[in-house]
Amino acid sequence: MTSPVGIVRRSGKAQDIAAAHPHAFSGILLDAPCSGTGTLARNPELRLRLSPDKLKAAVALQSELLDAVWASLRPGGMLIYSTCALNREENEDQLTAFLSRTADARLEEQELILPERPEEEGQDILFHALLRRSV
C-alpha cells in the first residue's frame, strides 16, 4: 500500500520482504529486536531473564536482519538502525562488524541517547545509527 506522501508500507518477516524487493526502498527503519537492557529502569525483572545465550541470539538475529534489509535498500538510500540496548555487542560492535562486511555502507551518525534530567530518570535508553548506501 502506498500513502499520499509516497511512503510504502509492507508487513511480514523482514528477511522475506527484503528478498522480494531488492533495491526497492530509499529509506528503512530497522528497530531491531534486542536484549532490552536500555529499559532496565522500568523493567528490573529483565535482569533475571537475560542470559549470555539470549544476548548471543539477539546479536545473531540483528546481524541477519541488517544484511537482509540492506539488500532491499536503493543506492544512496538511508538505513536507520535502532535498539533499546546498552551493550556494545548490539550497538557499536554490531555496526563495526556490519561495516567490515559491507563495502557499500557508510556510517553517517550513531548516538546512545541517555536521559538528560533527573525527572527523566526511569526513561528508556536508546541507540540509533544512520547508515548510507553508496551510489
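Overview of results
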quantity	calculated
Among beta bridges that DSSP assigns inside the chain, antiparallel share in %, nearest 5	70
Label-point separation in nm, Glu109 to Gln123, each point 7 Å along Cα→Cβ	1.7
Helical mean residue ellipticity (222 nm; -39500 (n - 2.57) per DSSP H run of 4+; nearest 500) of the chain	-8500 deg cm²/dmol
Charge dipole magnitude, Cβ of K and R +1, D and E -1 - the range 62-135, Cα centre, debye nearest 20	580
Tilt relative to the chain, helix 92-101 - C-alpha long axis, 0 to 90 degrees, to 10	30
The range 7-72: radius of gyration over Cα atoms, expressed as a fraction of 2.2 N^0.38 Å	1.36
Neighbour count of at most 10 Cβ within 10 Å plus DSSP loop: longest GluC sites (Glu not before Pro)-free window in the chain	46-115
Principal-axis tilt of helix 52-70 within the chain, Cα atoms, nearest 10 degrees	20
Difference of contour (0.36 nm per residue) and Cα-Cα distance, Asn43 to His21	4.2 nm
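Bear in mind these aren't lab numbers, they're just calculated from the coordinates by the rules spelled out. What you see is a predicted model, and the numbers here were worked out from it, not measured in a lab. Reconstructed Cβ throughout: ideal geometry from the backbone, glycine too, with neighbour counts over all protein chains shown.
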